[in-house]
1. Pairing the Cα long axis of helix A:144-171 with the longest principal axis of chain A, what angle in degrees results, from 0 to 90 and rounded to the nearest 10?
2. Name the nearest-to-axis residue of chain B, judged by Cβ distance to the rotation axis taking chain B onto chain A, and quote that distance in whole Å.
3. With N set to the number of residues, divide the alpha-carbon radius of gyration of chain A by 2.2 N^0.38 Å and report two decimals.
4. Ordered shortest first, which distances in nm separate the 7 Å Cα→C-beta label point of A:Ala171 from those of the other copies?
5. Describe numerically, in nm with one decimal, the distance between label points set 7 Å from Cα along Cα→Cβ at B:Ile138 and at A:Ala109.
6. Which one, B:Gln74, B:Pro19, B:Ile149, is farthest towards the positive end of the dipole of the stretch B:1-155 when Lys and Arg carry +1 and Asp and Glu -1 on their Cβ?
7. By count of other Cβ within 10 Å, fewest leading, how are A:Phe72, B:Phe90 ordered?
8. Would you mind calculating the relative contact order of chain A from Cα pairs under 8 angstrom and at least 6 residues apart, reporting the percent as a whole number?
Protein chains: 2
Amino acid sequence: MYLDQPLQVYLDDLASAKPTPGGGSATALSCAMGAALASMVARLTLGKAEYAGVQQEIESLVQQTESLRERFQQLIQEDIDAYGRLSTSFKMPRDSDAERAARASAIQAQLVEASLVPLEIVERAAELMQLCQRISEIGNVNILSDVGIGAMLASSAGTGAGWLVRINLRARTRNGSGDQSRVTRRCQSLH
Amino acid sequence: MYLDQPLQVYLDDLASAKPTPGGGSATALSCAMGAALASMVARLTLGKAEYAGVQQEIESLVQQTESLRERFQQLIQEDIDAYGRLSTSFKMPRDSDAERAARASAIQAQLVEASLVPLEIVERAAELMQLCQRISEIGNVNILSDVGIGAMLASSAGTGAGWLVRINLRARTRNGSGDQSRVTRRCQSLH
């Protein structure tokens, strides 16, 4: 679990030629930072006399941004795990027809699984941006830039995660499966 | 130094109501991840027969992206330190005219110092984006999305850091000093 390790270890491993961590986990971490910044601005609005009228809503917003942060933190590792399984399936033996078929089947399945993590990052980044927008409307105006940066990080990381979804799905053969339809439906629901 | 501490500690502190870490350090960390992803794609281009013609340039690019990553890693802490000093100056006593003058003077000076860190993040994010562009042109096409995500993180973090520069400088009084001119000149050179 990279969350329990020094930040330097994550960055060094990200920069290395190892299969994981990769871009998906970086987008999850960027979103976790975005959620943290939204929480910070909301927390610095709590208990302030000039924001007395919005205390209840701000308390609810902190719960939501912290819940999102928790999920983004999990997604850092889930992306690493899913991509690790995909990477392992590419290394399966392909000496016989049976082996080649098993390998192809495993790759197809893992491409879908590896798409689900960045897809969730896209969906939750969109949720986070909405929370950031509301915090920017009613939160502590002295630190408005921090919630703006939070939204900006969520937006760019969500866009990047969207690329990963499309790239993984394009790598699949054109023989669509039920699993692929499941991903496609969720992609379509984003519009 | 957050680099030596578990990632979870940084994220928890970012989400807290503490004065630091804040948005500036998050933009530096996003850029460090962007540089790491650029390094990863370049490293996965080295030693590949189909990229034989660009090996020398890729080696130079890895050196440049790793050098930028090292600097972004330092800037995570430098932003925390600079903002910590600014935060301390706001807490200086203001019971007498002399104390108020000393406090105002310290705040003005620290606002400039606290602007220089995000200003450097903007400048180096622009450098990183240029390196990402070149890596995307000649690097391993199978992991193009990772260098795209690297550029995207650098772009958004650079934009966010630019907001911090402008906000800190607007917080200064209109009595420009030599220090402010120094920052202004560097801002203008970005265009």
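Throughout, read-outs are computed from the coordinates displayed, never taken from laboratory work. All values derive from a computational prediction rather than experimental measurement. Methodologically, a virtual Cβ is constructed for each residue, glycine included, from the backbone with ideal geometry; neighbour enumeration extends over all protein chains shown.
1. Between helix and principal axis, roughly 10 degrees.
2. Nearest to the symmetry axis by Cβ: B:Ser156, 2.
3. So the Cα radius of gyration is 1.20 times the expected 2.2 N^0.38 Å.
4. 4.4
5. Placing both labels 7 Å beyond Cα along the Cβ direction yields 4.2 nm.
6. In the stretch B:1-155, that residue is B:Pro19.
7. Working: A:Phe72 27, B:Phe90 12.
Least crowded to most crowded, the residues run B:Phe90, A:Phe72.
8. With pairs under 8 Å counted, the relative contact order is 30 percent.
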